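Quick notes on the structure that follows.
We did not get these values from a lab; they are worked out from the coordinates using the rules stated. Just so you know, these numbers come straight off a predicted model, no measurement behind them. Please note: Cβ atoms are built from the backbone with ideal geometry, for glycine as well, and neighbour counts cover all protein chains shown.
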2 protein chains.
Amino acid sequence: MSEKFSPPVDEQPPEAAAKTPHPGGRPRDPEKHQAILQAARKIFFTKGVAASAIEEIAQHAGVSKVTIYNRFGDKPTLFEAVVKEQTDSMSEMLIGKKAEGADLKTRLNGFGEALLAFLFHPDHVSMERILAQDLAEHPGLADRFFAVGPGQCRDRLSHVLSEAAQRGELTLDDPRDGAEDLLSLWKGFADLEFRLSVRSPPDKAEIAERVALGTEKFLRLCEKAD
Amino acid sequence: MSEKFSPPVDEQPPEAAAKTPHPGGRPRDPEKHQAILQAARKIFFTKGVAASAIEEIAQHAGVSKVTIYNRFGDKPTLFEAVVKEQTDSMSEMLIGKKAEGADLKTRLNGFGEALLAFLFHPDHVSMERILAQDLAEHPGLADRFFAVGPGQCRDRLSHVLSEAAQRGELTLDDPRDGAEDLLSLWKGFADLEFRLSVRSPPDKAEIAERVALGTEKFLRLCEKAD
DNA sequence: ATGATAGTGAACGATTGCGTTTACTAACTA
DNA sequence: TAGTTAGTAAACGCAATCGTTCACTATCAT
């Protein structure tokens, strides 16, 4: 695997795109880019990186194998592009859900439901599986992924709790530990079951129920923690 | 991968071993069997099944490649043998720790420490990583592994809690849910960090601290749950 | 000693899949 | 129309690895 987490070689900064529009010649088909990433995600996350053949991805994307190599240059680089796309969408989701609402419980539930819907999505479960393997082989990547993924997620929740504590809405020793506890209660045993393919992905209702129960337990825990 | 979870073809029932001792000919070297499994575990759990070469395992075990094929016949079968060995040792551990002790907290802590020491061991973390990938491809295996692994673990803890509830040592709606909560609090965020190779495995002291904190929170939760 | 099984080392055929090259067509600019 | 880039299809060289076979040695029971 590669040692970097960088974008594909051909990717241009959004602003530079205007400066270097079409130096002449046939323009790239933007749909192909998406098609490749989509197919790569599906294949990579299903069979694992090592077991995935570039040619299969090409075929699945309706694209020539050479096109993939021209655009991404490498198998590891293609994989990193897929991972980056996924983590970006997670960041977007976390920003989108500002955890607004009337009381604390409602706010937490909103945050938790959005988060679990993302974490328990088959695509994400698969990615975590594959990525864990990859990170074990390349320790350098682990911290970088963790920072933009689970770490960011915990910190954001921790911030929500911290604010609530300042407003006197709950008592809390350490917002960071609190966030970890809340996340653990939300995910619970189901997390393991999804990862091991014992259960099929949950629907909205099941997620809402999990989150509600978890939030309730967490708040009960805080009341007694003063 | 293979579709079954059965022992290697050559394995004999323990009793039959006396009946069919040595029909003549050179006896098998029992040390080689262990050496192969040990090497296979190391290689499989480090690089993944697909990326592991039988020849490397053979070399690492100080054994000829043909010997492996003669004994296990197949790569998937070898992998299954390794997994079986691991789950067996987990069952042993769970039976060994009967969760005995003076008060409930001590008993739970004893159980939790033994369990986490096993779950957070690098070998087990690696196996769960690799296995998750394999189970995703072969759903039939998932339930069978879950039953002898995490499922058994949860049920055993659930039983401990249930008994305690009957003795009036704690109040509990559903021992099964309680067990899941307690497990979640014990594992916490650290579980994810180990799986993603962000943190190195914990020592006894760290485990004991995690477990103590988790147990405390859980018991606090139960007191308020009546 | 004889026959049988276990084990080794080396070579083999077959397959797979990476990444490249070649020759060709398609789309766009000047 | 000429020049340039994007894309395709097919074939190639190359390395890895599976699972097998062969010839040979080692270790046991009778």
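Tabulated data
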read-out: Dipole of chain A [Lys/Arg +1, Asp/Glu -1 at C-beta], most positive-end residue of A:Val83, A:Leu104, A:Leu161; value: A:Val83
read-out: Residue-count net charge about A:Ala136 - beta-carbon cut-off 14 Å; Lys, Arg +1, Asp, Glu -1; value: -1
read-out: Summed residue charge, Cβ within 13 Å of B:Ser197's Cβ, Lys/Arg positive, Asp/Glu negative; value: -3
read-out: Degrees between helix B:30-47 axis and first principal axis of chain B (Cα, 0 to 90, nearest 10); value: 60
read-out: Ellipticity estimate at 222 nm from DSSP helix runs (n ≥ 4, -39,500 (n - 2.57)) divided over chain B, nearest 500; value: -22500 deg cm²/dmol
read-out: Taking segment A:53-187 and dividing mean pair separation by its residue count, relative contact order in percent (alpha carbons under 8 Å, at least six apart); value: 18
read-out: Helix B:152-166 axis, angle to chain B major axis (alpha carbon atoms, nearest 10°); value: 30
read-out: Chain A: relative contact order as a whole-number percent, Cα under 8 Å and 6+ apart; value: 21
read-out: Rounded if a/c under 1.5, otherwise prolate or oblate - segment B:139-226, Cα gyration tensor axes; value: oblate
read-out: Residue-averaged beta-carbon neighbours from other chains (10 angstrom radius) around B:130-141; value: 5
read-out: B:His138 versus A:Thr46: modelled label distance in nm, points set 7 Å from Cα along the beta carbon direction; value: 1.9
read-out: Tensor-based shape of the protein assembly as shown (alpha-carbon gyration tensor, a/c under 1.5 rounded, otherwise prolate or oblate); value: oblate
read-out: Number of partner chain Cβ atoms within 10 Å, mean per residue of B:182-188; value: 5
read-out: Peptide B:211-220, shielding by other chains (average Cβ, 10 Å cutoff); value: 2
read-out: Estimated dipole of the protein assembly as shown in Debye, rounded to 20 [Cβ of Lys and Arg +1, of Asp and Glu -1, Cα centre]; value: 960
read-out: Between 0 and 90°, nearest 10: helix B:175-195 axis offset from chain B longest Cα axis; value: 60
read-out: Contact order relative to length of segment A:117-195, as percent, for alpha carbon pairs under 8 angstrom and 6 or more apart; value: 32
read-out: Set B:Lys32/B:Lys84; A:Lys187/B:Lys217; A:Lys105/A:Lys204; B:Lys42/B:Lys84; B:Lys47/B:Lys187 screened for pairs whose C-alpha atoms are more than 22 Å apart; value: B:Lys47/B:Lys187
read-out: Rounded, prolate or oblate (a/c below 1.5 giving rounded, otherwise prolate when a/b exceeds b/c) for segment A:85-175 by Cα gyration tensor; value: prolate
